[in-house]
Amino acid sequence: MQRILKVVFLGIYRPGVTGLDKIKYDKPLILVGNHTNNLDALLLLSLYDENLRFLGKHTLFRGVKKYFFKWMGVIPVDRTKSKNHDALDEAISSLKSGVSICLFPEGTINRTKELIMPFKYGAVKMAQETKCSILPFVISGKYRPFKNELKIEFLDTIEVEDNLVLANEKLMNVVKSTLKKEIVK
């Protein structure tokens, strides 16, 4: 299914991709970036060549679509809780078993006037506990079919040591500063 998605999605949206060589498949990664559209997850799936799990809001798991999201391996996050130990534990377990995780630490699609919203700490917490690298990415442009407006840039990996506040701030600043540069272009 991922191969079909890759051909169809990339053929329709024709994203400009930079830094794809920064994805290393020798160990699991935590892919982290800004959230612009519901299609962001499909963009990442179409570019990542191995198994990739996402964290997604628990409301996706309602009705018939819950079977699709379970089949896709999405980990439900209850955003009404300040700390979601079940989602964090499942994501950490996936990383320890060799499966990469992708999440959007803003927690939702950014519909504010701000460039990005504050990042939640899940990504840096997972990185600290598993010693996995964080691979930041920045999505810019619009999802307009056949218009070549969509862009994604993968950045240098970030290692998390002890201070989660500083690590989260660094991650957020790397994404924000790259997004600023992209907007100026």
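Identify all residues within the stretch 105-149 that are over 19 Å from Ser94 (Cβ atoms), of a type in the set (A, V, I, L, M, F, W, C) and in a loop (DSSP other than H, G, I, E, B); write none if there are none.
The answer is Ile109, Leu115, Ile116, Met117, Phe119, Phe146.
Taking Ile4 as meeting all but one of (1) more than 18 Å from the chain's Cα centre (by Cα); (2) at pLDDT 90 or above; (3) β-branched (Val, Ile, Thr), write down the number of the exception.
Every condition holds for Ile4 apart from (2).
Within the stretch 52-79, which residues are part of a loop (DSSP other than H, G, I, E, B), among the basic types (Lys, Arg) and free of Cβ contacts under 8 Å to residues at least 24 places away in the same chain? Reasoning before the result, please.
Applying the first criterion (part of a loop (DSSP other than H, G, I, E, B)) to the stretch 52-79 yields 61-64, 72-74, 78-79.
With among the basic types (Lys, Arg) added as a condition, the list becomes 62, 79.
Scanning the stretch 52-79 gives a single hit, Arg62.
From Lys66, Lys113, grab the single residue that is open to solvent by 80 Å² or more (accessible area, probe 1.4 Å) and either out of contact with any His (no Cβ under 9 Å at 6 or more places or on another chain) or not acidic (Asp, Glu) (or both). Outline the logic, then answer.
Values: Lys66 fails: open to solvent by 80 Å² or more (accessible area, probe 1.4 Å).
Answer to the selection: Lys113.
Restricting to the stretch 3-46, name every residue that is aliphatic (A, V, I, L, M), more than 12 Å from Ile139 (Cβ to Cβ) and open to solvent by less than 70 Å² (accessible area, probe 1.4 Å).
Going through the stretch 3-46, the residues aliphatic (A, V, I, L, M) turn out to be 4-5, 7-8, 10, 12, 17, 20, 23, 29-32, 39, 41-45.
Restricting the remaining residues to those that are more than 12 Å from Ile139 (Cβ to Cβ) gives 4-5, 7-8, 10, 12, 20, 23, 29-30, 45.
Answer for the stretch 3-46, where residues must be aliphatic (A, V, I, L, M), more than 12 Å from Ile139 (Cβ to Cβ) and open to solvent by less than 70 Å² (accessible area, probe 1.4 Å): Leu5, Leu10, Ile12, Ile23, Leu29, Ile30, Leu45.
Quick one: which of Asp49, Asp86 is open to solvent by 40 Å² or more (accessible area, probe 1.4 Å), without any contact (Cβ under 8 Å) to a residue 60 or more places away in the chain, outside any helix (DSSP H, G or I) and not polar (S, T, N, Q)? Explain how you work it out, then say what you get.
Numbers: Asp86 fails: outside any helix (DSSP H, G or I).
The unique qualifying residue is Asp49.
Can you tell me which residues in the stretch 150-185 are at pLDDT 95 or above, among the acidic types (Asp, Glu) and surrounded by fewer than 19 Cβ atoms within 10 Å (Cβ to Cβ)?
Passing the criteria: Asp156, Glu159, Glu169.
Could you give me the residue pairs with C-beta distances under 8 Å whose first residue belongs to the stretch 160-185 and is under 13 Å from Leu135 (Cα atoms) and without any contact (Cβ under 8 Å) to a residue 40 or more places away in the chain, whose second residue is of a type in the set (S, T, N, Q) and surrounded by 12 or more Cβ atoms within 10 Å (Cβ to Cβ) wherever it lies, and which are 6+ apart or on separate chains?
Cβ pairs passing all conditions: Val160/Gln128.
The values are calculated or read from the model by the stated rules, or taken from the named source; none is laboratory data. Predicted model, so just to flag it, every value in this text is computed and none were measured. Note that we place each Cβ from the backbone using ideal geometry, even for glycine, and neighbour counts take in every protein chain shown. Note: accessible area is taken over every heavy atom of the protein model, side chains too, but ligands, DNA and RNA are not part of it. Shrake-Rupley method; radii C 1.70, N 1.55, O 1.52, S 1.80 Å.
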